[in-house]
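Let me begin by presenting the structure, written as structure tokens, before commenting on it.
The values are calculated or read from the model by the stated rules, or taken from the named source; none is laboratory data. Not measured: the values here are computed from a predicted model. Every residue, glycine as well, gets a Cβ built from its backbone with ideal geometry; the counts of neighbours run over all protein chains shown.
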Amino acid sequence: MFYRNPSADMLLKESELNMGLIKQSKIFHYGSISLISEPCRSAHIAAMRAAKDAGILLSYDPNVRLPLWPSKEAAVDGIKSIWNYADFIKVSDDEVEFLTNGDAYKEDVVLSLWHDNLKLLLVTDGEKGCRYFTKNFKGKVEGFAVNTVDTTGAGDSFVGAFLVSVAKDPSLLNDEGKLKEVLKFANACGAICTSKKGAIPALLTNSDALGLIKSKAK
């Protein structure tokens, strides 16, 4: 359930943005909920363009929440309106189906979401893991089976773990071995997050994720 109409995020104005801070960042990450209504939509687009102009990597997780949009068509159009700006895009298998009306496990369907400026397209498949697509290589990283209680926040944990790794070492985008290790870590973070209730209370530590990876390697 979302308590909105209005909520603080919907009321953000471009004049309230700290552009200096945005331009100092390594990665600018965003979703699509901020595109639903004004003035937040204009603020979102202004921040995104400022980051892009400053040479900052843009990361997009559409994070589809259909009940918040006026219609399915409005959601698809809104989400895709900024698609070609992103350097990284992370979508779930369900979101691939939503955005394409196709089978999320068919490669040609997934690649219909590719654009020429994209460095990495990630598709999360729940406990099955994730798939990755770059200009030079593609593949899959297996997930971790855990006792799932609540999936809220799993995608955020996955993306956060991935982006922290990219911020530390951007070269991993061109090294498939490094990328697979980072995605294994991200999968572990997402999995652990599902083992507890709530989005924030279920967030984990670095050692939690490494512990899960180590336990499954035995």
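Just give me the residues in segment 129-151 being at pLDDT 95 or above, surrounded by 14 or more Cβ atoms within 10 Å (Cβ to Cβ) and either at negative phi or aromatic (Phe, Trp, Tyr) (or both), in sequence order.
Cys130, Arg131, Tyr132, Phe133, Thr134, Lys138, Lys140, Val141, Glu142
For the structure I just gave you, tell me whether Leu163 is modelled with pLDDT of 90 or more, outside any loop (DSSP other than H, G, I, E, B) and surrounded by 21 or more Cβ atoms within 10 Å (Cβ to Cβ).
The answer is no for Leu163.
Could you please tell me which pairs satisfy a Cβ distance under 9 Å, a separation of 6+ or placement on different chains, a first residue in segment 1-26 that is of a type in the set (Phe, Trp, Tyr), and a second residue that is part of a helix (DSSP H, G or I) and surrounded by 11 or more Cβ atoms within 10 Å (Cβ to Cβ)?
Sorted first by the residue in segment 1-26, then by its partner, the pairs are Phe2/Ile33; Phe2/Leu68.
Looking only at residues in segment 179-210 that are at pLDDT below 90 and part of a helix (DSSP H, G or I), which one is surrounded by the fewest Cβ atoms within 10 Å (Cβ to Cβ)?
The residue in question is Ser207.
Considering only segment 22-31, I want to know if a residue exists there that is aromatic (Phe, Trp, Tyr) and either outside any strand (DSSP E or B) or at pLDDT below 95 (or both).
No, that holds for no residue.
Among the basic types (Lys, Arg) and within 17 Å of the chain's Cα centre (by Cα), is that true of Lys168? Quick ask: steps written out before the conclusion?
Values: among the basic types (Lys, Arg): yes; within 17 Å of the chain's Cα centre (by Cα): no.
For Lys168, the condition - among the basic types (Lys, Arg) and within 17 Å of the chain's Cα centre (by Cα) - is not met.
Count, please, the residues in segment 32-63 that happen to be part of a loop (DSSP other than H, G, I, E, B), over 28 Å from Lys168 (Cα atoms) and either in contact with an Asp or Glu (Cβ under 8 Å, 6 or more places away or on another chain) or of a type in the set (S, T, N, Q) (or both).
Looking only at that region, the number is 2.
Suppose we filter Phe88, Phe28 for residues that are touching a strand residue (DSSP E or B) at 6+ places or on another chain (Cβ under 7 Å), closer than 17 Å to Phe133 by Cα and surrounded by 13 or more Cβ atoms within 10 Å (Cβ to Cβ); which single one remains?
Result of the check over Phe88, Phe28: Phe88.
Looking at segment 60-78, which of its residues are surrounded by fewer than 22 Cβ atoms within 10 Å (Cβ to Cβ) and touching a residue at least 40 places away in the same chain (Cβ under 8 Å)?
Asn63, Arg65, Pro67, Leu68, Gly78
Which is under 30 Å from Glu73 (Cβ atoms), touching a residue at least 24 places away in the same chain (Cβ under 8 Å) and of a type in the set (Phe, Trp, Tyr), of Phe158, Phe133?
Going through Phe158, Phe133 in turn, just one is under 30 Å from Glu73 (Cβ atoms), touching a residue at least 24 places away in the same chain (Cβ under 8 Å) and of a type in the set (Phe, Trp, Tyr): Phe158.
With the requirement that a residue be surrounded by 11 or more Cβ atoms within 10 Å (Cβ to Cβ) and either among the β-branched types (Val, Ile, Thr) or assigned to a loop (DSSP other than H, G, I, E, B) (or both), what does segment 4-21 give you?
Arg4, Leu12, Lys13, Leu17
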